Amino acid sequence: MVHVNETFTKLPGSYLFSEIAHRVAAFQAAHPDVRLIRMGIGDVTQPLPPAAITAMHRAVDDLAYRETFHGYGPEQGYPFLVETICEHDFRRHGLKVTPDEIFVSDGAKSDTGNFGDLLDTDNRVAVADPVYPVYVDSNVMAGRAGHLGADGRWSGITYLPCTAENGFKPLPPSERVDVVYLCSPNNPTGVALTRSDLAAWVDYAREHKTLILFDAAYEAFVRNPDVPHSIYEVPGAEECAVEFRSFSKTAGFTGVRCGYVVVPRSVKVWTADGVAVALNALWNRRQCTKFNGASYVTQRGAAAIYTPEGQEQVRRLIDYYHENARTLLEGTRRVGLEAYGGEDSPYVWLLSLIHI
Ligand SMILES: *Cc1c(COP(=O)(O)O)cnc(C)c1O
């Protein structure tokens with residue numbers, strides 16, 4: 001008899017989105033003349049930058065000829081993309097990331113969800129609250145989350161409250177945690193962590209041998225000079241942090257699928273006997289076994305984002321979403337709602353509800 005991986009059966013359905021759909025339908029039925037703007041579930045709305053489209057058209061043509069055809073590519077990503085990422089996103093900003101520390105993927109959801117493959121089930125995991133659900137659910141699937149309480153929280157997970165009182169910033173806990181997911185700028189609150197906020201986390205991580213899984217999917221939205229684009233701007237982070245990036249929000253790649261993860265060679269994890277193991281080699285092994293690379297066409301499109309035209313087009317896209325966020329923030333505040341975020345992020349977080 002085939003046995004199920006029971007951790008999967010522990011996961012409740014996602015009641016949040018069905019509840020939202022239910023309430024919206026009821027409201028619309030009661031108020032058929034009201035024009036609704038739905039702001040609950042996000043996706044990009046603008047088409048891809050023309051530079052990416054042109055590059056992908058060309059890449060499709062490459063596949064049509066024996067001389068330029070591409071089959072399986074390197075699991076870690078094509079050098080033309082990896083080198084470009086390394087130069088533009090890190091070296092140019094004085095950060096010492098090397099190409100062999102970059103792994104191109106089909107997006108940050110897969111990477112953040114898969115990374116737990118490398119970590120034992122006995123690790124204590126911390127997440128911000130509220131949180132991007134992937135971090136919690138992938139730990140439930142891995143059997144790392146314990147039991148679901150009546151309050152909707154898992155016994156094996158440490159929740160770091162993000163409230164108006166602490167500016168929606170997760171703070172290092174007094175207890176020890178082994179792994180922490182940090183997302184800055186944050187989905188869903190729209191709040192970003194400053195250099196000193198991140199320095200406090202890096203100090204904590206180095207003291208406790210904690211691994212920071214840093215999700216920088218919204219890095220392109222950062223405007224405040226005190227907010228780092230990369231956690232590696234904080235000294236010491238290269239010893240304790242892995243960074244996830246995505247082209248989804250930066251360049252409208254949600255449907256194309258491309259992202260990457262930085263796993264510095266100096267980040268270590270430990271065996272039960274206290275032997276240090278380099279995470280970079282483990283992730284490389286994991287990817288080579290379970291992933292065959294992002295498509296050639298996709299990677300050509302992603303590389304085009306870094307050309308001067310691509311950069312200019314991306315800048316305009318980000319400006320557009322910033323303007324939406326600013327309109328939302330100002331509009332919601334004007335009608336008396338308590339709203340946060342929207343400055344280093346496309347997201348605005350509302351604390352109060354409108355009762356019509
Ligand atoms: C959108 C998003 C991602 C990126 O997902 P992709 O798989 O790259 O599309 C990652 N993390 C967070 C918090 C996000 O909101």
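The values are calculated or read from the model by the stated rules, or taken from the named source; none is laboratory data. Remember, it's a predicted structure, so these values are computed and weren't measured experimentally. Neighbour counts run over all protein chains shown; Cβ positions are idealised from the backbone, glycine included. The area values use the complete protein model at the heavy-atom level, side chains included, leaving out ligands, DNA and RNA. Shrake-Rupley method; radii C 1.70, N 1.55, O 1.52, S 1.80 Å.
Remark: C-alpha extents of the chain on the principal axes read 63, 54, 53 Å, sorted largest to smallest. One quarter of the surface of the convex hull around the alpha-carbon atoms of region 230-356 equals 12.5 nm², the direction-averaged projected area. Taking a ≥ b ≥ c as the square roots of the Cα gyration tensor eigenvalues, region 148-229 comes out oblate, since a/c reaches at least 1.5 and a/b does not exceed b/c.
Measure up LYS169/LYS209; LYS10/LYS109; LYS169/LYS290; LYS10/LYS169 against 25 Å on the Cα-Cα distance and list the ones that go over.
Too far apart for the 25 Å limit: LYS169/LYS290; LYS10/LYS169.
Of the beta bridges in region 101-224, as assigned by DSSP with both residues counted there, near 10 percent are antiparallel. A viscosity of 0.692 mPa s and a temperature of 37 °C, combined with the Kirkwood radius over C-alpha pairs in the Stokes-Einstein formula, give region 1-112 a diffusion coefficient of 165 µm²/s. Would you please classify the overall shape of region 111-269 from the alpha carbon gyration tensor, given that a ≥ b ≥ c denote the square roots of the eigenvalues, rounded means a/c under 1.5, and beyond that prolate means a/b larger than b/c while oblate covers the rest? Here region 111-269 falls in the rounded category.
The GNM of the chain, with springs linking C-alpha atoms under 10 angstrom apart, assigns the highest mean-square fluctuation among GLN28, GLN76, GLN299 to GLN28. Of all the options ALA278, ALA21, ALA303, the one that moves most in a Gaussian network model of the chain with Cα springs shorter than 10 angstrom is ALA21. Counting charges near ASP197 (Lys, Arg +1; Asp, Glu -1) among other residues having Cβ under 14 Å from its Cβ returns a value of -2. Report the net charge of residues surrounding ARG206, where surrounding means a beta-carbon distance below 12 angstrom and charges are Lys +1, Arg +1, Asp -1, Glu -1. After counting each charged neighbour, the total is -2.
Within the shell defined by Cβ-Cβ distances under 9 Å, the residues around PHE221 carry a net charge of -1, with Lys and Arg each +1 and Asp and Glu each -1. Peptides 325-333, 212-220 ranked from most to least packed give 212-220, 325-333, packing being the mean of other C-beta atoms within 10 angstrom over each peptide's residues.
For region 211-288, the Cα gyration tensor yields ellipsoid semi-axes of 26, 18, 7 Å (square root of five times each eigenvalue, largest first, whole Å).
Quick one: order PHE69, PHE17, PHE291, PHE244 from most to least accessible surface, probe 1.4 Å.
Sorted descending by solvent-accessible area, the residues read PHE69, PHE17, PHE291, PHE244.
A simple spin-label model places pseudo-atoms 7 Å from Cα toward Cβ; at LEU148 and ASP43 they are separated by 2.6 nm.
Each label point was placed 7 Å from the Cα along the Cα-to-Cβ direction; for ALA26 and ARG315 their separation is 4.8 nm. Remark: region 103-245 carries a charge dipole of roughly 180 debye about the Cα centre, counting +1 on each Lys and Arg Cβ and -1 on each Asp and Glu Cβ. Couplings for region 209-218, taken from phi via the Karplus curve 6.51 cos²θ - 1.76 cosθ + 1.60 with θ = phi - 60°, read 6, 9, 9, 9, 9, 9, 9, 10, 4, 9 Hz in order; Gly and Pro are left as x.
Cα gyration tensor of region 94-144, axes a ≥ b ≥ c as square roots of the eigenvalues: rounded (a/c below 1.5), prolate (a/b > b/c) or oblate? The shape class here is prolate.
Taken about its Cα centre, the chain carries a charge dipole of about 400 debye when Lys and Arg each add +1 at the Cβ and Asp and Glu each add -1 at the Cβ. Once the 1.4 Å probe is applied to the protein heavy atoms, the chain comes out at 52 Å² accessible per residue. The charge dipole of region 216-305, taken about its Cα centre with unit charges on the Cβ atoms of Lys, Arg (+1), Asp and Glu (-1) only, comes to about 500 debye. Ranking VAL242, VAL261, HIS229 by Cα position along the charge dipole of region 225-278, where only Lys, Arg, Asp and Glu carry charges on their C-beta atoms, puts VAL261 farthest toward the positive end.
Note on GLU238: accessible area approximately 70 square angstrom, rounded to 10, probe 1.4 Å, nucleic acids and ligands left out. When only Cα pairs below 8 angstrom with a gap of at least 6 residues are kept, the chain shows a relative contact order of 22 percent. Taking the empirical scaling 2.2 N^0.38 Å for compact globular proteins as reference, region 123-167 has a Cα radius of gyration ratio of 1.15. Looking at region 1-82, the trypsin sites (Lys or Arg not before Pro) that sit in a DSSP loop and have at most 10 other Cβ atoms within 10 Å of their own Cβ are ARG35, ARG38, ARG66. Restricting attention to the chain, close to 50% of DSSP beta bridges with both partner residues there are antiparallel. A straight line joining the Cα centroids of region 158-217 and region 30-48 runs 31 Å.
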